[in-house]
Structure formats: structure tokens, C-alpha cells
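Heads up: the structure comes next, in C-alpha cells.
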Amino acid sequence: MKFGALGRGDWNVGCLRPPPPIDDGNFIPLTFSIGALRRSGPGQVAARRSRAREGNGRNQLFLGMRSCSGGLARTTPRLRECLRSRHSRQVGVGPVHAVVPLRFASVPNPIRATVEGIGRLLVYLRLITASRAQRIAGLAWPRILTGLARMSKATADVAMVGVAVGPAAIAGVGYGVPYWTMTYMLGGGIAGGTISLVSQRYGGGRYDDIDRAVKVSVMAALLVTLPLVVVFWTLPEPLIRLIGTGEAAIQYGTRYLRVASLAMPFAALNLIGSRTLIGADDAWTPMIVRAGGAVINVGLNAVFIFVFDLGVVGAALGTVLGSVGGVLVLGWGLTAGRLPFVGPLPVQVDWSAPYWDAADARHLARISTPLALRKVAQNGGQFPLLAIVGLYGPNMVAAFVVALRVRALMNTPGWGFGLASSSLVGQSLGAGNEQDADGYARDTLRFTVATYALVGAAVFVVADPVSALFVDDGAVRATTTALIRAACVSVLLWGVMNGALGPLRASGDTTWPFYGQLLGLFVFALPLAYLGAVTSLGIWGLYGTLFAETAVPAAVIYYRFRTQKWKRISRQNREAAMGQAS
């Protein structure tokens, strides 16, 4: 896929002629040469606006397009009308003129501004190239905004429950969240395989194969999550008692887990839908859907918790409704190939049978199984970890849960950069351009670490005011502040981990990250936490736990990335896929 930065008075190679005057404030006509268009399968045309921004007094737009060889049968009505405009010039198989909405171009966006500012600084320092920085930022910031909204929602849940009910409720939610998150991580592992399959097929022009990958991913997610819903609905209290201490906290955790379990399949399907679009170079649509849903979710939770006095059940109920809404919107968009107020999507899924393909299922399993196991190991460690932290006392549990929430919030840049790396590296690998894939991998890693350093430093400075948002007790607040600052140090290594993981995930080289996670958790993090609980090491054991939990996997993943073996694994996977297709 080729991109051009085009706008009034700003014309790059490939533009045939300046566009006609803008007819209204919502659209800007753009003209492309046929060289800027890429052939897709018969009857497929899709357009995607990846970014719009103000620059040098001009409205500039970044647009990616796929042309067609079989007509305009599958385009949306608005896109057909645009492509058949009287201003269009016919070249080869189709017109080269499009009209793109700029509804959101002038909306202030501090997240995008920050990400692009960091990118410009790195370009100025000659650490990354300008063209790659542009594409990385364009894919990363929507996903960062989505992650920020969703993790803010989770953090707001803890804060609202703490204000409405007290520290016991915070601890109860903390005991229930690892079970919910474990299932979410399984879905995330499957979605990691989805983005690998979709991005390589999209980059290689094998658009018809994307349908199968999506449908197999959906079926796999349902097969994994539905049995767990039954378990968590019927046996929440025994599960909470395995790791929980304090009768009040256990009861709160039981109620939270039972209701929140209903959201698990929908959360997994949300991940499949968003990774499908990101793999096809569209991070904007998942941001609109999932970040918007998170904002609505916070509002619902506030009503359930404070107006209807539902406490932890209200927080869980808001999670269920938000997850269901996200699936409905993404499912609608992928089925129709477009969404209102968003426009055409780069992928349109035909949901007719067959829903299962053995070859795709095996390919997905090879990629997703290590990813899912790594995520489960990462989250599964929270069970023994919280049980060990319980030895420190209930106040330490509350402080530790808050520190984990804040660290998860600081980790949201990794959501964007990791997936941007997977998408861009995967597309380059799918097109057979390993040199370009390596360039995107290295530039994204540097971009990621720089962003994490900025975020960690900022939160370190304001750790005490942040603690005050969750707890009022002076002693608990001091402990919470100290743990948050330790989390700020550890999160920098999380940046290395996420930056180096993207290329491995894109290529299908996902086994080593799993090994690294196991090593960091069971050999270093858990023993340090236990030593702190039973010796004079005390809270320093938890500081070491937070650091080792990210430092060890980061070292393993970075080492694997530097070996370059992920390129060879990608070649093997592509050759196997082409052999099956033939």
C-alpha cells in the first residue's frame, strides 16, 4: 500500500492535477495517479483515511487506497459516488479521484500531538527516519488513546469503588480482576495471531484470505472463553478464596467476578475485530469504537455505583455492557465494510460458511498459543503474587493493587507502538521486503522506549497526588506513592519489551517471549516478593518484584529480536501459506 501526503497547494509525485475547489467544509477532494493505487481482488475497493492534520496553513491528509480490477460492486454508496465524481479522470481500471471527510481534522488531540512531538524530536536527533515516524505515529496514537481510555476506565473503577465502599472493595476487585484478565489475555493471544495473519495477507495483496483468518479467530476465541464463563459464574467464591484474605474483600471479589465473567467472550471478540483492522492499517476505527465505549462505560459505572448504590456489581455490570456494545459496533462495521461517522473500512468480512479452516487454524495456533501462554503467565502470576502480598497485610494489598493499575495505565503506549510495529512489519514481510520490515522494527522500538521514558518520568514526579486519588489514609498513601514510583522505573523495561515484541509477533516468532515471561515471573519476581514478606527485606521485596517482572522478559525478548531469526521464521510461514494456497 502506498501513501501520499496531499493537500491544497502541496502536491507530491503521483498527483495528476490540483483538485477542484472545496465545495463544503467537511470534504476535501484529492487526486491520485494510478501509480498510487494498488490492485486488490475482483470487485474490491476500499479507502482509508489514516490521518488528517493542520500543517503550514494547509489541510493535509494521508490516504491509503486499493484499486479494483472487477468494477465497483463491493464499494459503499458514498465511495462509489466519490470515485465516479464528474471531477474524476479515468486512468486504467478506475478513477483516481476521491473525496475524504475531514470532520475530525480540527479537533484538539493532545495524545496525537505528544506522540508526533516525540517522533519529530527523534527524527531531529536522527534516531528514526521521518517517513517511518509518520506511519508509526499514525497507527500508534489511536491505539494509545484507546488503551488510555480503557485503562482509565479500569482505574476509575477502582477509584470509584474505593470512594463508595472502601479499601476492602478495592482489594476485592483486585482479587477478581486477575481471573477476568486471564481470560482477556487468552483472547489477546488469539488476537495477536489474528494481526499476524491479517497484516501479512494484507501486505501481500491476498485480501480474499483475510475472511478465513477472521472467522477462524472468532471461533477460536469463543471456544476458549465460553467454558471459562461457566466456571467463573458457578464457582466464583472458591476461586477468590484461593488468593484472597479478609472476609469482606472475598465477598466483594465474589460478586464482582460472577457478573464480570459475562463480559469475557465479548471482550475477546472486541480484540479480534480491532486487531483485524489494525493489521489492515486502520487504527482509527478501533480507537473510535473502543475508546468511545470506554468513556460511556465510565459514565455507566458512575451511575451504577453512586446512583443505584450497586458497588462492585455496578462496576462489573458496566464492563459487561461496554464489551457487548463494542462487539455490536465492530461486527456491524466489518460486515458492512463501513461505519457511520467513520466511513469505509479497509476490510469487509463475509460471514457465510465455512467458519473453520484447518490450515488457518493450525497457523493461528502456532502463532497464538505461545502469545496466549505468555499473557496467561504474565497475568497468572498475579494469583500467587497477590496471595504473597496478602502476607504483608490488607493495606499493602490495596496499595499494591493501585500501583499495578497505575503501571497498567502507563503501559498504554505499548498497546499502540506494539501493534503499529506488528502491522507495519507484518505488511512489509508479506510484501517480501525484509529490509523495510527491519527498519520499521528498529524505529518503532526506539520510538517506544522514548515514549515510555517520558511517561515514567512524568508519573514519578506526581506519584503522591496520584496516590491521593485512591486512598485517604496517610500511611497507606505513603506506601502507595512508593510503589507507584517503583512501577515508574519498571515500566521503562516494559517499553523495551513491547517495542521488541512487535516484530516477533508479526513474523510468528512467539515462543521466546513466553519463555522470558516465565523466567521473570517464577524465577525472580515471586521469590523476591516472598522474601520481602518473611524477612527484613520488607517492601524492598515488592520493589524488586515490580522491576524483575519487566526487566527479565525485556532482556529475553530484546535478545531474540537482535538475533534476526524472526525474519527466517516469517519466510517459512509465508512459504507454507503460499504452498497451501497453490
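So the label point goes 7 Å from the Cα of ASN433 along Cα→C-beta, right? Which residues of the stretch 118-151 then have their backbone N under 15 Å from it? Answer for the stretch 118-151: 129-136. Were the residues from LEU127 through ALA468 laid out at 0.36 nm apart, the gain over their Cα-Cα distance would be 118.9 nm.
Once you order the gyration tensor axes a ≥ b ≥ c over the Cα atoms, which shape class does the stretch 407-542 get: rounded for a/c under 1.5, otherwise prolate or oblate by comparing a/b with b/c?
Details: a/c = 3.69, a/b = 1.82, b/c = 2.02.
Here the stretch 407-542 falls in the oblate category.
One equal scatterer on each Cα of the stretch 145-249, no solvent, Debye formula: the resulting log10 I(q)/I(0) at q = 0.24 Å⁻¹ is -1.23. Scalar couplings 3J(HN,Hα) for the stretch 273-279, obtained by applying the Karplus form with A = 6.51, B = -1.76, C = 1.60 to θ = phi - 60°, are x, 5, 5, 4, 5, 5, x Hz; x denotes Gly and Pro.
Among residues other than LYS215 with Cβ under 10 Å from its Cβ, the summed charge is -3 (Lys and Arg +1, Asp and Glu -1). Using the Cβ-Cβ distance between VAL307 and ALA458 with R0 set to 56 Å, the FRET efficiency works out to roughly 0.95. Distance from the alpha carbon centroid of the stretch 162-185 to that of the stretch 275-324 works out to 16 angstrom.
Among TYR530, TYR124, TYR202, which comes first, then next, by fewest other beta-carbon atoms within 10 Å?
Values: TYR530 19, TYR124 9, TYR202 27.
Least crowded to most crowded, the residues run TYR124, TYR530, TYR202.
Please report the net charge: other residues with Cβ closer than 13 Å to the Cβ of LEU334, K and R +1, D and E -1.
Details: positive: LYS215, ARG275, ARG338; negative: ASP211, ASP282, ASP350.
With Lys, Arg at +1 and Asp, Glu at -1, the neighbours total 0.
Sort THR194, THR412 by Cβ crowding within 10 Å, fewest neighbours at the top.
THR412, THR194
Projected onto their three principal axes, the Cα atoms of the stretch 469-552 cover extents of 49, 30, 15 Å, largest first. Each of LYS567, LYS375 was scored by other Cβ atoms within 10 Å of its Cβ. Listed from fewest to most, they are LYS567, LYS375. In this calculation the C-beta distance from THR369 to PHE522 is compared with R0 = 22 Å, giving a FRET efficiency of 0.70. Given in Å, the Rg to one decimal and the Dmax to the nearest whole number for the Cα atoms of the stretch 130-581 are 21.0, 65. Distance between the modelled labels on TRP540 and ARG571, one decimal in nanometres: 5.0 nm (7 Å Cα→Cβ projection). Could you please state, rounded to a whole Å, how far the C-alpha centre of the stretch 328-406 is from the C-alpha centre of the stretch 207-242? Distance between centres, Cα-based: 10 Å.
What number comes out for the charge environment of TYR559, summing +1 per Lys or Arg and -1 per Asp or Glu over other residues with Cβ under 14 Å away? Before the final figure, lay out the partial values.
Working: positive: ARG560, ARG562, LYS565; negative: ASP509.
Within the 14 Å Cβ shell, the charges total +2.
When a/c reaches 1.5 or more, the comparison of a/b and b/c decides; with that in mind, is the stretch 357-428 rounded, prolate or oblate per its Cα gyration tensor? Because a/c hits 1.5 or more and a/b fails to exceed b/c, the stretch 357-428 counts as oblate.
Where a number appears in this text, it was derived from the coordinates with a stated rule and is not lab data. Everything quoted here is computed from the prediction, not taken from an experiment. When we count neighbours, we look across all protein chains shown, and the Cβ atoms used for this are built from the backbone with ideal geometry, even at glycine.
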